[in-house]
1. Just how far, in whole angstrom, is the range 118-163 from the range 212-279 if you go by their alpha carbon centroids?
2. Between residue 179 and residue 216, 0.36 nm times their residue separation minus their Cα-Cα distance comes to what?
3. Going by how many other beta carbons lie within 10 Å of each one, how would you line up 176, 187, 110, fewest first?
4. So if each residue of separation counts as 0.36 nm, and I subtract the Cα-Cα distance between residue 155 and residue 74, what length gain in nm does that give?
5. Report, in deg cm²/dmol and to the nearest 500, the calculated mean residue ellipticity at 222 nm for the chain, where each DSSP H run with n ≥ 4 adds -39500 (n - 2.57) and the sum is divided by the residue count.
6. Taking amide H positions as placed in the peptide plane 1.01 Å from N, state which residues far from residue 246 in sequence (5 or more) or on other chains have amide H under 5 Å from it.
7. Take the chain, connect every pair of alpha-carbon atoms lying under 10 Å apart with a spring to form a Gaussian network, then pick out the residue of 50, 287, 128 with the largest mean-square fluctuation.
8. List, in order, the whole-Hz ³J(HN,Hα) value for each residue of the range 286-292 obtained from phi through the Karplus relation with A = 6.51, B = -1.76, C = 1.60 and θ = phi - 60°; use x for Gly and Pro.
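Here, each number is a calculation from the coordinates, and none is a lab measurement. Bear in mind the structure is a predicted one, so any value in this text is a computation, not a measurement. Neighbour counts run over all protein chains shown; Cβ positions are idealised from the backbone, glycine included.
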Amino acid sequence: MTWRSWSPLDWEGEERSPEPRKLIIVAAAPGGMVSKEQNPHLPCSPEEIAKYHIEAYRAGAQIFHIHARGEGCVPSSDVNLYREIISRVKEECPDAIIDACLAHPLEEDTVEARLRPLCESGLPIDIATFSVGSHNVLYKKGSTVYINRHEYTLQAIDYLLDKGIKPMLVVYNHKTLEWVKRYVVKTGLIEEPYLNISLGLFGEPADIDILRGLVRKLPEECIWVLESAGRNWLPLAVEALLLGGNVRAGMEDGIYMYPHRDDLIKSSAEAVGKIVRIAKELGREVATPKEARMMLGLRG
């Protein structure tokens, strides 16, 4: 829901803007792309990753977007690493919402290969994040391709819904957004989708005008989170707050705190705390974990 603009010429007769939904904040660290060389503060071990999430929870985040890193701080889909991270987090933050990243760039885009290892591990996973559409990914030392065929994406949604796990659909541009509207919303597969608008990675640049254009095209009923990568993540996060959206913050999508300086992000809690302070200055109330769970329709 977007706050209504007003003119100072007729402010006395202007109606109050509708109250926006309470803010949901997703803490993301360490992700799968930022390296230890780029940011020495990046957590790598399960203990470090869990610690960063717990600190982000105390700073105001309700959802943890979980990635794992293996030996040498290399991104890993090892279920045992996820188990250690999630168990440590839930021990300290039992009401936190667990969002497992299932957007691994595997050559085999099947439910069996990508989803079952984690979803049938017995771990308390509330949300599963995966990408809509296929993308070329350029790393510092090479490249790969995320394969997400039409059939796989629909099968994955069905599978997750059957498991009682909420799909978080990541859209990168107008094309992937229109795909969700046509094949997920209009077909009745999900009436109120949970969408992650991702800018600055594979699709559109992290640009405020592009964000506004995507928000205008969102399904009438949806909950959306902005994931903005690169130096411009903070200005876009503020725009998302003003547009009534939610925000992902942490160390996965950015290296620097500000677009005009080289201050490294030292922890997810630092980024989350900044979003909380800005939201409060804007009069945007932050949801509790329980409220966020209810807003997303998650099981208790």
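1. 22
2. Numbers: separation 37, 0.36 × 37 = 13.32 nm, distance 1.55 nm.
My answer for the length gained is 11.8 nm.
3. Taking fewest neighbouring Cβ atoms as first place, the list is 187, 110, 176.
4. Gain in length upon complete extension: 26.3 nm.
5. After summing the helix terms and dividing by residue count, I get -9500 deg cm²/dmol.
6. Placed amide hydrogens put 224, 225, 226 under 5 Å from residue 246.
7. In the Gaussian network model the winner is 287.
8. 8, 6, 7, x, 5, 5, 4
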